[in-house]
Every structure is written in structure tokens, then in C-alpha cells.
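Novice: Dropping a structure here in C-alpha cells format, bear with me for questions.
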Amino acid sequence: MTPARPPRAYFYATCLVDLFFPDAGMAGIQLLRQAGVQVIFPEGQTCCGQPAFNCGYWEEARDVARTQLALFPEDLPVILPSGSCAGMMKNHYPELFHGQPEEAQIKAFSGRVYELTQFLVDVLDVKLEDLGEPVKVTWHSSCHAVRDLGLKGEPQALLAQLAKVELATLAREHECCGFGGTFSVRQPEVSGAMVCDKAADAEATGASVVLSTDGGCLLNVKGALDQKGSPLKVQHIAEFLWERTHAR
Amino acid sequence: MTEARTAILERLSAAPAGGPPPLEDTAVMARRHWPAAERVVRLRKGMEAVRTEFLEAIPSDWPSVVQDFCDHEGIRNLLYGPGSNDGAALATAWDGEATLLPYDRPVEAFKTQLFTEVDAGFTSTVGGIAETGGILLMPGPAEPRLLSLVPPIHIALLRASTIQDSLWSAITNLGWGESLPPNALLISGPSKTADIEQTLAYGVHGPKRLIVVLVNDLR
Amino acid sequence: MHAETDILFRESAAKALLDPQLRANFRRAMDGLITKRKAQFPDPEDLQELRHLSTAIRSRSLLNLPALLVQLEAACTRNGIQVHWAETCEQANQLVLDILQAQGATRLVKGKSMVSEEMHLNAFLESHGIEALESDLGEYIIQLDGETPSHIIMPAIHKNKDQIARQFSQKIKDAKYTEDVDELTAMARKVLRQKFLEADAGISGVNFAVANTGTLCLVENEGNGRMSTHVPPLHIAIMGLEKVVARLEDVAPLYAILTRSATGQAVSTYFNLISGPRGEGEKDGPQAVHLVILDNGRSRIYGDPQLQATLRCIRCGACMNHCPVYTRVGGHAYEATYPGPIGKILTPQMEGVGVRHDLLHGSSLCGACGEVCPVEIPIPDILVRLRREATHQDPASSVAGKGTGRTDAEDRAWRLWAALSKRPGLYRIVTWFATRFGWALPSGAPLLRDWTRFRTKPVPARRSLSERMRAERGSHD
Ligand code: SF4
């Protein structure tokens with residue numbers, strides 16, 4: 001069932017987009033506004049708590065999650081430009097708060113969480129017009145966006161609306177890029193081997209842009225490609241979509 | 001080790017009761033169903049894909065099909081179970097060059113010979129599996145277990161009418177769910193391995209060739 | 001966030017990554033297995049239905065585990081199979097030795113059994129003068145080199161043809177050097193058939209044990225399992241106590257999903273049902289069959305409702321085939337009987353979450369394992385749970401070694417993180433500094449040092465999104 005088209009929605013930047021990819025966040029906000037949604041960006045955003053949660057430090061994760069929850073009092077959708085953080089808030093908050101006083105409140109909150117492309121496609125059913133030059137891109141499907149959150153091809157559906165964008169499939173599209181949060185520094189060698197392979201696979205597609213929906217993957221893959229001196233550009237899908245639909 | 005038994009069972013029984021198990025929907029097993037003629041085709045396709053060879057026969061001529069095969073392949077001797085109906089029928093009709101060896105004494109009496117001198121073994125089957133390919137055997141006093149394992153060639157007699165849809169339906173139809181003889185098995189092809197670099201190689205420990213004599217007894 | 005306790009896997013993994021031959025062998029093999037599995041499940045809905053059914057069957061089996069084990073024991077006994085129970089590997093080894101010595105058996109052939117690897121049975125028997133020869137081709141290959149399996153289904157997958165060719169020519173009497181797989185297989189056949197013929201006893205694992213009929217199900221392609229269980233006069237089967245199911249009907253879906261998930265085969269060459277020793281009037285088959293049921297920590301795992309899912313495992317190996325970490329480092333890097341994702345959750349639960357903390361963090365939590373697992377074991381969730389157990393002393397928990405993986409450094413790091421992340425004002429100041437001066441952090445700073453070995457240094461944007469949104473709001477006010 002598609003929820004009714006809401007006039008207003010919250011935007012949650014996520015720590016990595018906030019700090020490393022603010023343009024992507026801005027583009028996500030613009031895409032929503034363009035679709036007629038009034039965007040509320042609450043002050044006081046930090047982190048969804050996933051790093052601590054994944055490492056088993058649930059009390060610390062809960063403390064942080066509580067402060068974030070308080071930012072979204074109204075019964076409005078909460079939109080994140082990250083599949084991983086959306087998965088955390090949607091699927092793991094109920095786990096994290098299981099047996100806690102806020103449990104019921106959390107369940108209601110989690111039901112309002114969306115990843116950006118999910119919201120654009122499944123709720124807003126946006127129509128995009130491609131104003132850019134022909135370009136070949138490739139898509140890195142973030143593990144958490146697909147396996148945890150359960151994206152079902154929404155990003156690809158948006159890209160398919162762009163007439164002059166050719167999507168080249170990445171070899172081993174669903175294999176992890178090796179980020180994994182603290183994994184990248186706790187197991188640097190394996191993580192490094194994974195991201196180097198991902199960078200090589202991306203280059204082999206012949207695309208000029210690698211797109212993804214997750215700050216972590218973007219940071220990781222971009223770092224590896226830059227290290228190689230690769231001309232490949234790495235971009236968050238929101239930023240790419242905004243650029244394509246707005247001639248500058 | 002009764003203390004071990006008691007301790008283990010106590011620990012297991014002390015575990016907090018879990019919730020009810022998820023519902024079991026067996027539709028995915030039950031819908032694997034084909035008409036009789038198609039079952040034959042599927043079984044062949046499945047088994048040929050793993051290098052099983054087929055010989056076609058009709059109810060009245062299968063012993064001569066086995067015999068012609070043995071003559072043609074230069075098989076010197078064929079081990080069989082004289083106590084089974086099909087084994088007895090084979091022996092009665094036999095006029096081939098290969099010597100028929102009855103498996104009629106405990107294996108200890110001729111183990112070395114079995115491993116080194118027997119060219120082929122003949123068995124009947126109690127059914128086949130259409131879904132994936134495969135034949136079902138119930139070794140026992142009449143047809144010992146090693147007949148289908150030790151000789152380099154295994155010749156198995158399969159009647160088309162006994163081919164079941166799937167292992168799942170065969171278990172029900174053959175009553176295997178209630179009781180089983182000391183040994184029963186499914187065989188889908190000659191012995192094989194992929195342990196060296198994922199490369200398939202046949203005839204690693206068991207038979208190098210599996211010959212199914214398929215008797216068309218469908219009306 | 002580094003912890004001393006993470007070192008073991010990290011170091012072995014790093015070493016494995018330096019071996020290009022090993023990496024190529026695994027990548028090729030895993031890519032092949034992924035493709036073959038996929039071809040077996042052309043209809044995704046069919047696959048999900050079969051997974052749900054298999055999960056439900058394994059869950060129900062576990063729900064009734066103690067009763068089923070008692071029923072299995074009774075049915076086996078009725079069938080003439082002698083049943084033994086072992087709480088520990090030491091007990092199980094001793095049981096096996098006692099049975100063998102009572103028969104005066106000194107030459108042993110083994111079918112593939114991961115539980116016997118868990119027990120280190122071969123070494124134990126050899127120390128008592130009993131030759132235990134692995135007869136699965138892959139196991140035979142690694143035994144020749146004194147190695148352990150690097151995969152639970154394909155134990156010699158880390159070796160390529162050339163390596164095996166060299167090994168055979170050196171270690172098998174009168175063997176010539178050949179890289180032809182059929183010829184190599186024929187050499188092993190020759191050696192092993194003689195061993196089957198001469199063996200005093202055979203040892204096997206058990207894929208499924210059926211409680212109501214007292215039946216041991218063995219799944220295999222080579223026929224060595226049948227050789228080991230039907231040719232020698234004595235057969236000893238060893239199983240982990242979780243392997244029992246109520247009835248043979250339960251096995252059909254599990255078998256269907258096992259071979260497809262494991263090697264991408266619709267069916268194995270042999271599916272062997274053993275319900276007793278040589279029966280009345282039978283001319284072959286073992287005179288005696290024994291079943292050893294091993295606990296080794298399983299009953300403790302069973303006591304935890306969430307962790308119990310670990311015991312649903314049917315040992316198909318799909319989780320390792322699809323694991324991006326396993327694919328790169330291979331099975332030996334885990335320094336454990338069970339490698340890959342299932343090993344990462346099973347080993348720490350058996351040996352203690354503190355001792356094998358390294359394994360718990362050897363995962364990016366990408367979820368590939370949970371996605372393909374035929375019995376839907378939520379491996380990533382269990383990893384996270386065990387990470388929590390390793391660093392926290394929950395009085396209600398029964399996890400082995402709980403709390404023993406805690407380090408002051410990690411503790412401090414998370415407390416600091418929380419202190420910062422729950423105070424937006426402070427967070428704002430820190431991000432402000434990061435955006436202004438983050439570029440100035442040296443690449444050699446802790447954490448960054450590891451990151452920048454393979455990537456450029458991540459540089460924060462000049463202004464964070466929050467800051468820009470604040471400005472936007474300001475201009476509207
Ligand atoms: S955990 Fe699942 S995928 Fe891994 S071996 Fe066990 S059953 Fe197979």
C-alpha cells in the first residue's frame with residue numbers, strides 16, 4: 001500500500017552525509033521540495049547510533065538514539081539519504097529498545113522511516129526529466145540498503161527515468177565494498193582488499209560515474225579510486241539526480 | 001556414559017520454551033508433479049546430466065538387453081543377487097559370454113575377489129525420482145549392499161511405472177517414512193568428485209559407470 | 001577502537017591476502033559455486049518457499065530436541081545401532097577409541113565428518129596407534145599434507161591442480177607427475193580401494209538423523225561414505241546433537257535445499273539411509289554400528305532462544321561461498337574447525353566469545369550469508385549479539401566467556417562517542433572544527449593510518465549540511 005502523499009516530511013542527514021557529502025544532502029532536500037514536500041531539517045542531528053549498536057555497545061547506542069528520536073515529534077515521514085542508517089532506524093531501533101519504556105513509541109517512529117529513493121519512488125512516485133549530456137554510470141548496491149532495509153530497485157527505477165543515462169551493471173554488484181563501519185579499521189587488510197576489488201570492478205564497467213545511496217560506501221569507494229588516480233567520479237545518487245534534472 | 005546422557009538431556013530440557021515453530025507449508029514440495037510419461041523424460045534428463053547411461057527395454061526383453069550390453073562391452077563377469085525376482089529372471093534367461101556370479105555368501109568369503117575381479121554388478125530398483133533424476137534401491141538379503149557399489153560398472157533395472165515425482169512423494173508412497181530396512185538409498189549417477197579444482201571427475205571410489213536399463217511398462 | 005583481542009584473525013587474514021595463488025583459487029572456486037547455486041534456484045519465490053519450509057522444519061526439530069534425541073536413541077537401539085553420548089570432544093574421542101579397541105581395530109577409513117574434525121579425532125587415534133585414513137578425495141588430499149579443511153564441503157578448495165599434482169607425485173608410491181584430473185583421481189582411487197578392502201572399521205558423519213525410524217542419512221557424491229559405512233565390519237557414526245529430525249518426510253526438503261545450496265546440484269550422487277547393521281540374512285554391511293552423539297557446547301547454545309538458531313545449520317557452506325571476507329582469505333585464516341560466517345558465530349560460542357573475539361569482528365555485516373542461508377540463520381544479528389556478549393556481563397546470559405572480550409580502550413572509545421553524539425551542542429563544535437581543520441589531520445593518525453593504506457584521506461566538506469541548513473533557516477527568519 002502506498003501511503004498518502006504527505007505535505008511535510010523530516011530530513012535526517014546522517015553523520016557521514018552531514019560531514020562529507022553535504023551537497024548530496026542538499027540535493028535530496030531539493031528533490032523532495034521539487035516534488036512538493038515541505039522539508040523539515042531538525043536542529044541537533046548527530047548519528048543514528050549504528051556504529052555502537054553494531055559493536056555491541058547498546059547502552060551507548062540507545063543514549064544517542066534517544067536524543068535523535070526527540071527531534072521527530074510530529075507524525076511525519078523521516079527521510080534519510082542512506083540505506084544503512086534507514087535500516088538502523090527502521091529495523092534495529094525496535095530491537096535496541098526491546099523491553100525499554102519507549103518501545104511502543106519506537107515502533108511507531110520506525111514505521112515512519114524511509115530511505116530517500118524509496119520515498120521518491122514508492123511514496124511520491126516522482127517523474128524526472130533528464131536535462132544532461134549522455135553519460136554511462138554504474139550502481140553500487142549498498143549491502144544494508146538491499147539486505148537490511150530491503151530496497152527493491154528504487155534507485156535503478158529512478159535512473160531508468162533518465163533518458164540519456166546508461167546504467168552499466170557492476171560485476172558482483174551485490175558484493176560488499178568492504179566499508180562495514182568499524183570493520184574498515186578493525187580489519188584494514190581485508191577491508192582494503194575488498195575495496196580495491198570493488199574499485200577495479202567499477203573501472204571495468206567503463207562508466208564515468210559510480211553511484212550509491214550510502215555515505216560509507218561512497219567514502220570508501222571514492223577513497224580507493226582516488227588513491228589509484230582513477231578518473232571515475234563517485235557520487236551520491238541524490239546529487240546525481242538533482243544535477244541531471246537541473247541544467248546549470 | 002549414562003552421566004553424559006543425563007547431563008545433556010537435563011541441559012536441553014532446562015532450556016526456556018521457545019515460541020511455536022513457524023508454520024510449515026509443504027506446497028513447494030507437493031506441486032512437483034508430472035504425468036507418467038514426463039516423469040520418464042525428466043528422470044533421464046536429470047541422470048544423463050551426471051553421466052548415467054540408459055538402455056531401453058520392454059518388459060519381455062530386458063534380460064537380453066543386459067546380456068547384449070555385457071557382450072558388447074566385453075564384460076567378463078556380472079555379479080547379481082540370485083534371491084531377487086529380477087536376479088533370478090536374469091539368470092534363467094542368461095546366455096551371454098559373461099559369467100554370472102551369484103552374490104550368495106557373506107562378503108568375507110570373497111572380499112578381495114569382489115574388489116579386484118568383478119567387472120559389473122546387477123541390481124533391481126524400487127523406484128525412480130523424476131524431479132531431479134535418481135533411482136531408489138533397497139539392498140538386503142536378496143541383493144546385497146555392495147552389488148551397487150564395488151564393481152566398476154553398476155547395471156540397474158528400472159521400470160518406468162515405478163518412477164515417482166520426487167523424493168518427497170517417494171518417501172510417502174514407498175512407506176519409507178514408517179520403517180526402513182538396514183539400508184536404502186538413492187543413486188543419481190556414477191560416483192563422482194569435484195574436489196580437485198572444481199573439475200568433475202567420475203569413478204572416484206564407487207562405480208565408474210551407471211547403466212540404467214529402463215523398461216517401458218507404461219500403458 | 002582497536003582491541004588486542006582482534007589480532008588473531010586479522011593477522012592470519014592479512015597473511016592469506018599476500019598469497020596471490022590462494023586468493024585466485026578461492027575467488028575462482030567461490031564465483032563458480034555462486035553461479036551454480038543460482039542456476040538451481042531459477043524461481044526466487046520457489047526458493048523462498050523452500051527456505052521457509054526448511055527453516056520451519058529445523059526450528060520444530062530444535063523445539064523438540066530432547067524428546068527427539070531420546071526417540072532417536074530408542075529407535076536406533078531397536079534397529080541394532082548402539083548409541084553413545086559425549087559431553088565433550090575428549091569423551092567422544094575416548095568412546096570411539098574404546099569401541100575400536102574392543103574390536104581390535106587398527107586400520108580405519110573415514111568418510112567426511114566435520115564433527116570428527118571438531119574432535120581432532122585423527123590425531124587422537126594416531127596417538128593410540130590407530131591409522132585413521134580420510135577417504136573423501138578432498139580430505140585425503142589435505143591429510144597427505146597434514147592440513148585441516150579450508151571449507152566444510154570442499155576441504156581442499158585452497159589447492160589447485162598443479163599443487164595437487166606435485167603433492168601426489170611426491171607422496172603416493174609409484175605415482176607419476178600428471179595434472180590430468182582424471183588421472184589424479186584414478187591414483188587416489190587405487191590407493192583408497194585397497195584401504196577400504198583392508199579396513200577394520202569405518203567412521204562417518206551424519207547429515208540428518210531420523211528419530212522415528214532410527215535412520216542415519218548420509219549425503220555424498222564420491223561413494224567413499226558408502227565404502228566406509230558398508231565395507232568394514234564396524235561402522236561408527238558421529239553426530240552433533242542438533243542433527244536430529246522427527247521423520248524422514250522432514251529430510252526431503254532439507255536434502256533438496258542442502259545440495260542446491262552447497263554445490264549447486266539438484267541431487268547428490270548418493271543419498272544413503274542407514275538404519276542398522278547387517279540384518280538377518282544379509283551378506284554384507286557392518287556387523288556392528290555405533291552412533292556417538294556429541295554435545296561440545298551445543299546444549300549451552302540451545303539454552304538461549306536467539307542463539308539457538310545457530311543450531312539450525314545444515315552445514316551447506318553457502319554462507320562461506322558468498323562471504324566477501326572468506327572469498328579473500330580462505331578457510332585457514334579463521335584458525336577454527338568451521339570457517340566462514342557460520343564459523344564466526346559457532347566457534348566463539350563453543351570456545352568463548354572473549355577468546356575468539358577476533359572472529360566476531362572479522363565481518364563487515366554485509367548480510368550476504370544470512371541472505372543465502374537455506375535455514376535463514378540471521379548470522380549478522382547473531383554476530384552483533386555476540387559482540388555485545390563479549391563486552392558485557394549480562395547476568396541472565398549463558399554465553400561462554402561473556403564479558404571477557406571487553407577492553408578499556410574500546411570502552412572509552414564508545415563512551416566518548418556517546419558523550420559527543422548525545423550532546424548536539426558539543427557535536428556542533430566538533431564538526432565545526434572537523435570541517436575547518438579536518439584536512440590537517442595527518443594520514444598517520446590512529447584509525448586514519450589504516451584507512452589510508454588503501455584509500456585517500458577522507459576530507460570533511462568545508463561546511464556541514466547542518467551548518468548550511470542553519471544558514472538557510474537564518475536567511476528565512
Ligand atoms: S549457516 Fe546456513 S549457509 Fe552457513 S553452512 Fe549453515 S546452513 Fe549453510
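The values are calculated or read from the model by the stated rules, or taken from the named source; none is laboratory data. All values derive from a computational prediction rather than experimental measurement. Cβ sites come from the backbone with ideal geometry, for glycine too, and all protein chains shown count toward neighbours. With ligands, DNA and RNA removed, areas are computed over all heavy atoms of the protein, side chains included. Shrake-Rupley method; radii C 1.70, N 1.55, O 1.52, S 1.80 Å.
Novice: Quick check on chain C: helices-only [θ] at 222 nm, where DSSP H runs of length 4 and up contribute -39,500 (n - 2.57) each and the sum goes over total residues. Nearest 500, please.
Specialist: Values: 23 runs with 247 residues, N = 477.
Value at 222 nm, helices only, nearest 500: -15500 deg cm²/dmol.
Novice: Say the cut-off is 30 Å between C-alpha atoms; which of C:15/C:171; A:198/C:176; A:107/A:152; A:107/A:222 go over it?
Specialist: Values: C:15/C:171 27 Å; A:198/C:176 42 Å; A:107/A:152 22 Å; A:107/A:222 35 Å.
With Cα atoms farther than 30 Å apart: A:198/C:176; A:107/A:222.
Novice: For region C:411-476, build the convex hull from the C-alpha positions and give me its volume per residue in Å³. Walk me through the numbers on the way to the answer.
Specialist: Working: hull volume 6.3 nm³, N = 66.
Residue-normalised Cα hull volume stands at 95 Å³.
Novice: Rounded to the nearest 10 degrees, what's the angle between the helix C:89-103 long axis and the longest principal axis of chain C, both from Cα atoms, 0 to 90?
Specialist: 10
Novice: For the ranges C:348-354, A:149-155, what's the packing order if you count other beta-carbon atoms within 10 Å of each residue, average per peptide, and put the highest first? Mind showing how you got there, number by number?
Specialist: On the way: C:348-354: 22.0, A:149-155: 19.7.
Output ranking for C:348-354, A:149-155: C:348-354, A:149-155.
Novice: Set the Förster radius R0 to 22 Å, insert the Cβ-Cβ distance between residue B:25 and residue B:178 as r into 1/(1 + (r/R0)^6), and round the FRET efficiency to 0.05.
Specialist: Working: r = 23 Å, r/R0 = 1.06.
Approximately 0.40, to the nearest 0.05.
Novice: Report the paramagnetic label zone for residue A:43: residues of region A:73-115 whose backbone N is under 18 Å from a point 7 Å from Cα along the Cα-to-Cβ axis.
Specialist: Taking a point 7 Å out along Cα→Cβ of residue A:43, the residues of region A:73-115 whose backbone N falls under 18 Å are A:73-74.
Novice: Here is a follow-up. Need the list of lysines near residue A:164 for cross-linking: C-alpha distance under 18 angstrom, and skip anything on the same chain fewer than eight residues off.
Specialist: Once the sequence-local lysines are set aside, what remains near residue A:164 is A:127, A:136, A:233.
Novice: Then there's this: Using the reciprocal of the averaged 1/r over all distinct C-alpha pairs, how large is the Kirkwood radius of region B:62-116 in Å?
Specialist: After inverting the pairwise mean of 1/r, the radius is 11.8 Å.
Novice: Which whole-number percentage describes the relative contact order of region A:135-245, with Cα contacts under 8 Å and a sequence gap of 6 or more?
Specialist: Working: 154 pairs, mean separation 35.3, N = 111.
It rounds to 32 percent for region A:135-245.
Novice: Also: Place a point 7 Å from Cα of residue C:88 in the direction of its Cβ. Which residues in region C:288-313 have their backbone N less than 12 Å from it?
Specialist: C:296-297
Novice: How much FRET efficiency would the formula 1/(1 + (r/R0)^6) give for residue C:70 and residue C:98, where r is the Cβ-Cβ distance and R0 is 22 Å, rounded to 0.05? List each step's numbers first, then the result.
Specialist: Working: r = 23 Å, r/R0 = 1.05.
The computed FRET efficiency comes out at 0.45.
Novice: The protein assembly as shown: Rg/Rh from Cα coordinates, Kirkwood Rh? Spell out each step's value before the answer.
Specialist: Details: Rg = 30.7 Å, Rh = 30.1 Å.
Ratio of gyration radius to Kirkwood radius: 1.02.
Novice: Could you tell me how many cubic angstrom of Cα convex hull volume region B:1-156 has per residue? Could you put the intermediate results ahead of the total?
Specialist: Numbers: hull volume 30.1 nm³, N = 156.
Output value, Cα hull per residue: 193 Å³.
Novice: Separate question: Accessible area per residue of region C:41-296 at 1.4 Å probe, in Å²? Write out the running numbers ahead of the final one.
Specialist: Numbers: 7630 Å² over 256 residues.
Spelled out: the 1.4 Å probe surface of region C:41-296, per residue, equals 30 Å².
Novice: Could you derive backbone 3J(HN,Hα) for region A:144-159 from the dihedral phi with the Karplus parameters 6.51, -1.76 and 1.60 (θ = phi - 60°), listing whole Hz in sequence and x where the residue is Gly or Pro?
Specialist: Along region A:144-159, the couplings run 5, 4, 8, 7, 9, 6, x, 4, 10, x, 4, x, 5, 5, 5, 5 Hz.
Novice: Counting only C-alpha contacts under 8 Å and six or more residues apart, can you give the relative contact order of chain C as a whole percent?
Specialist: Numbers: 782 pairs, mean separation 94.2, N = 477.
20 percent.
Novice: Restricting attention to chain C, give the cysteines that have no other cysteine Cβ less than 4.7 angstrom from their Cβ.
Specialist: C:76, C:89, C:217, C:313, C:316, C:323, C:373
Novice: So what are the radius of gyration and Dmax for the Cα set of region C:326-455, in Å?
Specialist: In order Rg, Dmax, the Cα atoms of region C:326-455 give 18.1, 50 Å.
Novice: What's the Kirkwood radius of chain C in Å, using all Cα pairs? Spell out each step's value before the answer.
Specialist: On the way: mean 1/r = 0.0406 Å⁻¹.
With all distinct Cα pairs of chain C included, I get 24.7 Å.
Novice: Hey, another quick one. Could you check the spin-label model distance between residue C:437 and residue B:13? Points 7 Å from the Cα along Cα→Cβ, value in nm.
Specialist: Placing both labels 7 Å along Cα→Cβ, they lie 6.8 nm apart.
Novice: Quick one: compute a quarter of the convex hull surface over the Cα atoms of region A:135-245 and quote it in nm².
Specialist: Working: hull surface 25.9 nm².
In nm², the orientation-averaged hull projection of region A:135-245 is 6.5.
Novice: Would you mind finding the longest exposed-site-free stretch of chain B, with exposed GluC sites (Glu not before Pro) meaning DSSP loop and at most 16 other Cβ atoms within 10 Å?
Specialist: Working: sites that count: B:24, B:97, B:117, B:178.
Answer - B:25-96.
Novice: Something else about it: List the aspartates and glutamates whose Cα lies under 12 Å from the Cα of residue C:243, skipping any in the same chain that are fewer than 8 positions away.
Specialist: Within the straight-line cut-off, residue C:243 pairs with C:295.
Novice: Residue C:475 versus residue C:77, label points 7 Å from Cα toward the beta carbon: distance in nm?
Specialist: 8.4
Novice: Efficiency by 1/(1 + (r/R0)^6): what FRET value for residue A:172 and residue C:28, r their Cβ-Cβ distance, R0 = 22 Å, to the nearest 0.05? Write down the numbers at each step before the final one.
Specialist: Working: r = 13 Å, r/R0 = 0.60.
Efficiency for this residue pair is about 0.95.
Novice: How far apart, in nm, are two points set 7 Å out from the Cα along the Cα-to-Cβ line at residue B:34 and at residue C:35?
Specialist: 2.6
Novice: Next question. Mind jotting down the distance between the C-alpha centroids of region C:207-258 and region C:58-117, whole Å?
Specialist: Centre-to-centre distance over Cα atoms comes out at 12 Å.
Novice: Can you give the alpha-carbon Rg of chain A over 2.2 N^0.38 Å, where N counts its residues? Don't skip to the end; give the middle numbers.
Specialist: Details: Rg = 17.7 Å, N = 248, 2.2 N^0.38 = 17.9 Å.
The reported ratio for this selection is 0.99.
Novice: Output the relative contact order of region C:106-186, whole-number percent, from Cα pairs under 8 angstrom with separation of 6+ residues. All intermediate terms of the calculation are to be shown ahead of the outcome.
Specialist: Numbers: 78 pairs, mean separation 16.8, N = 81.
Relative CO of region C:106-186 lands at 21 percent.
Novice: Express in nm, to one decimal, how much length is gained between residue C:462 and residue C:172 on full extension, taking 0.36 nm for each residue of separation and deducting their alpha carbon distance.
Specialist: Values: separation 290, 0.36 × 290 = 104.40 nm, distance 6.73 nm.
97.7 nm is the gain from fully extending residue C:462 to residue C:172.
Novice: Restricting attention to region A:89-131, which trypsin sites (Lys or Arg not before Pro) occupy a DSSP loop and are surrounded by at most 12 other Cβ atoms within 10 Å?
Specialist: Working: sites: A:90, A:107, A:112, A:127; in loops: A:112, A:127.
Those that pass, being in a loop and sparsely packed, are A:127.
Novice: Here's something else I'd like to know. Need one word for region A:1-109: rounded, prolate or oblate. Basis is the Cα gyration tensor (sqrt eigenvalues a ≥ b ≥ c); a/c below 1.5 gives rounded, then a/b vs b/c decides.
Specialist: Values: a/c = 2.13, a/b = 1.39, b/c = 1.53.
It comes out oblate by the Cα gyration axes.
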